[in-house]
Amino acid sequence: MNPRSGRTALRRKLMELALGELASVVVFFVVLFAALDAPATPANALGYAATAFPLIVGASYWALKWRRLAVPGPALPGAAIFRVARVLGVLLIAGGLVASAWQLAVEPGLGVYPGLVLTVFGAVEHVNYFHRQISPAGRPWTTVLKPGSWPRSHLARDLRRR
């Protein structure tokens, strides 16, 4: 394989990852607030934010990696911003859980359940980006389910290098 074609394939893959994450942000919004017609309660809004935030962070990360292939420089420009994002993501997840618990006590239903599900999904995405690579990324699902089989995520490795 030609090194140039490998680099081109990697750049294409990184851009697909970045655009896919951004598309997911839009899809979650449309499904939650248009298709399900869920009310914009604190639980739903924070649940959406808890999911959208790590997806936007992920899209930014993959776009920076894509750019880094074209323009040499530090492994992760803006690493401090990603460190702040790691903390903000936890705060959004906590806020989503608190809002969901409050909404469950007040009025369970469409005003809370979608937001609770999205908060949990946001927590999984947070772990996937900032800690351990949960998604299979070319590995069979049987290896993903084995204890200790989740490697450190790409972003976590880049943040650790600095």
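The values are calculated or read from the model by the stated rules, or taken from the named source; none is laboratory data. Keep in mind the model is a prediction, meaning the values are calculated, not measured. So basically every Cβ, Gly included, is an ideal-geometry build from the backbone, and we count neighbours across all protein chains shown. The area values use the complete protein model at the heavy-atom level, side chains included, leaving out ligands, DNA and RNA. Shrake-Rupley method; radii C 1.70, N 1.55, O 1.52, S 1.80 Å.
Remark: the chain carries 57 Å² of accessible area per residue (probe radius 1.4 Å; ligands, DNA and RNA excluded).
Leaving out ligands, DNA and RNA, what percent of the accessible area of the chain is carbon and sulfur, probe 1.4 Å? Carbon-and-sulfur percentage of accessible area, whole number: 71.
Taken one residue at a time, the phi angles of segment 83-89 give Karplus couplings (6.51, -1.76, 1.60, θ = phi - 60°) of 5, 5, 4, 4, 6, 4, x Hz. Gly and Pro are set to x. Among ARG12, ARG132, ARG86, the largest mean-square fluctuation in a Gaussian network model of the chain, built with springs joining Cα atoms closer than 10 Å, belongs to ARG12. Relative intensity of segment 51-139 on a log10 scale, I(q)/I(0) at q = 0.19 Å⁻¹, equals -0.89, per a Debye sum over C-alpha point scatterers of equal strength in the absence of solvent. Note that segment 1-75 shows a convex hull volume over its alpha carbon atoms of 89 Å³ per residue. Using a Gaussian network model of the chain with C-alpha springs under 10 Å, which one of TYR48, TYR129, TYR113 is most mobile by mean-square fluctuation? Maximum among the listed residues: TYR113. Selection among VAL112, LEU88, SER153 by position relative to the dipole of the chain gives SER153 as farthest towards the positive end (Cβ unit charges, Cα centre). Computed from Cα atoms alone, the Kirkwood hydrodynamic radius reported for the chain is 17.0 Å. Taking amide H as placed 1.01 Å from N in the peptide plane, the amide H of ARG132 sits under 5 Å from that of SER153, each at least 5 places away or on another chain.
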